[in-house]
């Protein structure tokens, strides 16, 4: 079930940005896992088919770790959000 947002989505909203960044990181991790597991499976069956699999995994792991550090340690999601269009006004 997809996440529901109680108000109009806006990237200026810190809570919305936080959820969006975490979802993007989860997609990044899922892609990393799917592609690398396929490459390593192929490498186990025929090592000469993809001899560069370790390099791909290592090179991709660096931006994945950097992405995780940004999302969970560096990004600032503090602040208040005041929507432009407040219902009832």
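Values quoted throughout were computed directly from the atomic coordinates according to the rules given, and no laboratory measurement underlies them. Remember, predicted model here, so these are calculated numbers, not experimental data. Note: ideal-geometry Cβ built from the backbone for every residue, glycine included; neighbour counts use all protein chains shown.
Write down the Å³ per residue value for the convex hull defined by the alpha carbon atoms of the chain.
Spread over its residues, the Cα hull of the chain gives 106 Å³ apiece.
Can you tell me the FRET efficiency between residue 80 and residue 46 if r is taken as the Cβ-Cβ distance and R0 is 41 Å, rounded to the nearest 0.05?
The formula returns an efficiency of 0.15 here.
Helix 14-45: angle to the longest alpha-carbon principal axis of the chain, degrees 0 to 90, nearest 10?
10 degrees
Per the Kirkwood formula on distinct C-alpha pairs, the Rh of region 34-76 is how many angstrom?
11.6 Å
With a Förster radius of 22 Å, plug the Cβ-Cβ distance of residue 34 and residue 8 into 1/(1 + (r/R0)^6) and report the FRET value to the nearest 0.05.
So the FRET efficiency works out to roughly 0.10.
Using helices alone, what [θ] at 222 nm do you get for the chain, with -39,500 (n - 2.57) per DSSP H run of 4 or more residues, divided over all residues and rounded to the nearest 500?
Calculated from helices alone, the mean residue ellipticity at 222 nm is -19500 deg cm²/dmol.
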